[in-house]
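Since every read-out is calculated from the coordinates, none of them should be taken as a lab result. The model shown is predicted, which means the values in this text are computed figures rather than measured ones. Don't worry about glycine lacking a Cβ; one is built from the backbone with ideal geometry, like all the others, and counts go over all protein chains shown.
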Amino acid sequence: MKFALLLMTCFLFGGCLASAPLQDSSLSRRQSRFAVEILAPGAFSSGGSIAVDPFLAGQDVASGPQLSRFSLMIVKGAAETIADKAGAFSFCDPQSPQKADFFVTGRVEKFSFPGKVTGFLSGDTVRIRIRAEIRHARTGDLLARLSAVRVPSAEQRLLDFEAYDIGVSLAGVFVDAQ
């Protein structure tokens, strides 16, 4: 009797899970972990050049080679996405601020890799948190705020993917404005 009840329960739950609608996992994942607050909705409509500074270490984050690489992968993701998809926008070198119409600056506020047991026991599953701002280069006006929270593996290949994906999401603010 117990076996039949267990079998029926597994069959019912298995059927419910199998009939769940499929979603574009990359899109839903990116939207759920990347937040944008547009403060000046029309500011991006005319296009322009974008300079993205490599993200700096936040107050409680130690800078080092791994963080520098992560930060540069964010810039790479943004630059390649803008070059591929943002017709009215172009990417410009942050070392030439006089050429930029928009400046993106950011901070990595959390960059840690707790062990599986330590992270589980402390309830700390967030390993990377970034915050960024988009400002008008000439006026300094704040146009948008961005934030991302990620829980990547410490494996360098996956860490690079997460950083690149944050850059792609950041560039999406400009791509979507067209």
Protection proxy ranking, peptides 136-149, 158-171, average beta carbon neighbours within 10 Å, highest first: 158-171, 136-149
Packing-based ranking, highest mean first, of 42-52, 58-68 given that Cβ atoms within 10 Å are counted: 42-52, 58-68
Local net charge near VAL61, Cβ-Cβ under 13 Å (Lys/Arg +1, Asp/Glu -1): +3
